[in-house]
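Student: Okay, handing you the structure first.
The values are calculated or read from the model by the stated rules, or taken from the named source; none is laboratory data. Quick caveat, the model's predicted, so the values are computed rather than measured. Heads up, the Cβs are rebuilt from the backbone with ideal geometry, glycines too, and the neighbour counts pull from every protein chain shown.
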Amino acid sequence: MRELPYKLRAKIVAKRPERLFERLHVHLLEHDVDARLSGGSLLVDLPAVSGMLRLMEGCIDIDIAATDLESLYFAKVWLQDAVAEERAFGTIRIVWSESCLQRHLPPSFSVLTVDDIVDLTPRMRRIRFRTADARAFETLDDMHLRILFNFQELADEHASRGSRQGSSFSEVTPIWRVYTVRFVEPENHTIAVDFVLHSAEGPGSRWAMGARRGDVVGAAGPSGGGCRDAAWYLLAGDETALPAISRILESLDERATATVIIEVGSPSDTIFFTSRAAVETTWLYRDDRDGDCHGLARAIANMEFPDPSRKRFVWMASESGTAKAVRATLRDRGFTKEEQSVAAYWHAK
């Protein structure tokens, strides 16, 4: 574990800590995180975060260090979310011992106000947000932002605590999710985010379905990385990958070549791409079977890839099972970690 300036410690108390430990390991691998298992310890290493999870009797001890408070804040959020997903394995409770995370919002926090809503396809809704500093999101190095969907609940809870003299702190767990910034209009102080309205109904999809002009959410970022420079690209995914793929294609110049493979529910879910690069696009349809992207994984497995002597890069995002299959294909075909970014954007039930 690296020595970094910002730290936190925690203990996860669980009836079945060994099962939870295994699931946390799987969760990290599904998100393509460098997680090395050694006996009863799991070492996690990211550019801005380093951590150690130790399996103990009746609990898991956690040590996390980060380069900055923003990274530390979201390391804590990740741990809370990952543990919440595993509550089916018995009573789980996190005991925090850190002193530097008394803040309840990240340093880059800003407020987004819904300005306009347009349905691009039956499953894709574009929402423009007004924000104080739209220019902060113009970078292609970090194309994503985190959206806090229960910001209003947190604000109401904070106001309620302030009005009750001597009241005890009652934490409302923040609900953050990562989205691609589709485009930025700094002159209008707006950014756009495309939301997939799918039956897996996560908090983002539920919120977007009921969004109205004037609604408010929180935001943090930009973050999440971009796309490496290459001569040849494979850009692939399901509906959730469309905003990022669209933005990547728009950023490529005429010297690049891109193969695009997208699996969506039906022809009504297709969109139009624009790019200066030479682009070959294949649309696959799964007849509205949410989460069944076997066709996408098979198509990538059957591809002919350029020779490693050519500068190449694969960007892919989809349901976790499909992402796992694609990682295995790329590994078998000799792609290095530097030549790929394969993300699990969501999990099938």
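Student: Name every residue in region 1-21 that is over 23 Å from Phe74 (Cβ atoms) and in a helix (DSSP H, G or I), in order of residue number.
Tutor: Pro17, Glu18, Arg19
Student: Let me ask you something else. Being surrounded by fewer than 18 Cβ atoms within 10 Å (Cβ to Cβ) and either of a type in the set (Phe, Trp, Tyr) or within 19 Å of Ile300 (Cβ to Cβ) (or both) is true for just one of Arg255, Arg206, Arg213, Arg228. Which residue is that? Don't jump to the end; show me each part of the working.
Tutor: Numbers: Arg255 fails: either of a type in the set (Phe, Trp, Tyr) or within 19 Å of Ile300 (Cβ to Cβ) (or both); Arg206 fails: either of a type in the set (Phe, Trp, Tyr) or within 19 Å of Ile300 (Cβ to Cβ) (or both); Arg213 fails: either of a type in the set (Phe, Trp, Tyr) or within 19 Å of Ile300 (Cβ to Cβ) (or both).
Sole residue among the options that is surrounded by fewer than 18 Cβ atoms within 10 Å (Cβ to Cβ) and either of a type in the set (Phe, Trp, Tyr) or within 19 Å of Ile300 (Cβ to Cβ) (or both): Arg228.
Student: How many of the residues making up region 101-150 are among the aromatic types (Phe, Trp, Tyr) and out of contact with any Pro (no Cβ under 8 Å at 6 or more places or on another chain)?
Tutor: 2
Student: From the residues in region 12-32 that are basic (Lys, Arg) and within 25 Å of the chain's Cα centre (by Cα), which one is surrounded by the fewest Cβ atoms within 10 Å (Cβ to Cβ)?
Tutor: Step one: of region 12-32, the residues basic (Lys, Arg) are 15-16, 19, 23.
Still in the running and within 25 Å of the chain's Cα centre (by Cα): 19, 23.
On the way: Arg19: 14, Arg23: 17.
This residue is Arg19.
Student: Continuing with the same structure: Considering every residue within region 237-249, establish whether at least one is surrounded by 19 or more Cβ atoms within 10 Å (Cβ to Cβ), among the acidic types (Asp, Glu) and not in a loop (DSSP other than H, G, I, E, B).
Tutor: Yes, because at least one residue in region 237-249 is surrounded by 19 or more Cβ atoms within 10 Å (Cβ to Cβ), among the acidic types (Asp, Glu) and not in a loop (DSSP other than H, G, I, E, B).
Here's the yes/no breakdown for (1) of a type outside the set (Val, Ile, Thr); (2) at positive phi; (3) more than 16 Å from the chain's Cα centre (by Cα); (4) at pLDDT below 90:
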site: Arg36; (1), (2), (3), (4): yes, no, yes, no
site: Gly39; (1), (2), (3), (4): yes, yes, yes, yes
site: Leu43; (1), (2), (3), (4): yes, no, yes, no
site: Met52; (1), (2), (3), (4): yes, no, yes, no
site: Ile64; (1), (2), (3), (4): no, no, yes, no
site: Trp78; (1), (2), (3), (4): yes, no, no, yes
site: Ala84; (1), (2), (3), (4): yes, no, yes, yes
site: Ala88; (1), (2), (3), (4): yes, no, yes, yes
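Student: Is there any pair linking a residue in region 58-70 that is assigned to a strand (DSSP E or B) to one that is among the charged types (D, E, K, R) and at pLDDT 95 or above, with Cβ under 9 Å and at least six apart or on different chains, and which?
Tutor: Ile60/Arg54; Asp61/Arg54; Ile62/Arg54; Asp63/Arg54
Student: Additional query: Taking region 251-290 only, how many residues are touching a residue at least 40 places away in the same chain (Cβ under 8 Å), farther than 19 Å from Arg310 by Cα and of a type outside the set (A, V, I, L, M, F, W, C)?
Tutor: Qualifying residue count, region 251-290: 7.
Student: Name the residues in region 246-285 that are touching a helix residue (DSSP H, G or I) at 6+ places or on another chain (Cβ under 8 Å) and β-branched (Val, Ile, Thr), would you?
Tutor: Quick first cut of region 246-285, residues touching a helix residue (DSSP H, G or I) at 6+ places or on another chain (Cβ under 8 Å) only: 258, 260-265, 269, 271, 273-275, 277, 279, 282-285.
Scanning region 246-285 gives Val260, Ile261, Ile262, Val264, Ile271, Thr274, Val279, Thr282.
Student: Let me ask something additional. Looking at region 30-45 only, could you name the residues that are touching a helix residue (DSSP H, G or I) at 6+ places or on another chain (Cβ under 8 Å) and aliphatic (A, V, I, L, M)?
Tutor: Ala35, Leu37, Leu42, Val44
Student: Is it true that Lys15 is touching a residue at least 60 places away in the same chain (Cβ under 8 Å), among the basic types (Lys, Arg) and closer than 18 Å to Thr173 by Cα? Before you say what the answer is, go through the steps one by one.
Tutor: Numbers: touching a residue at least 60 places away in the same chain (Cβ under 8 Å): yes; among the basic types (Lys, Arg): yes; closer than 18 Å to Thr173 by Cα: no.
So Lys15 does not fit the description; no.
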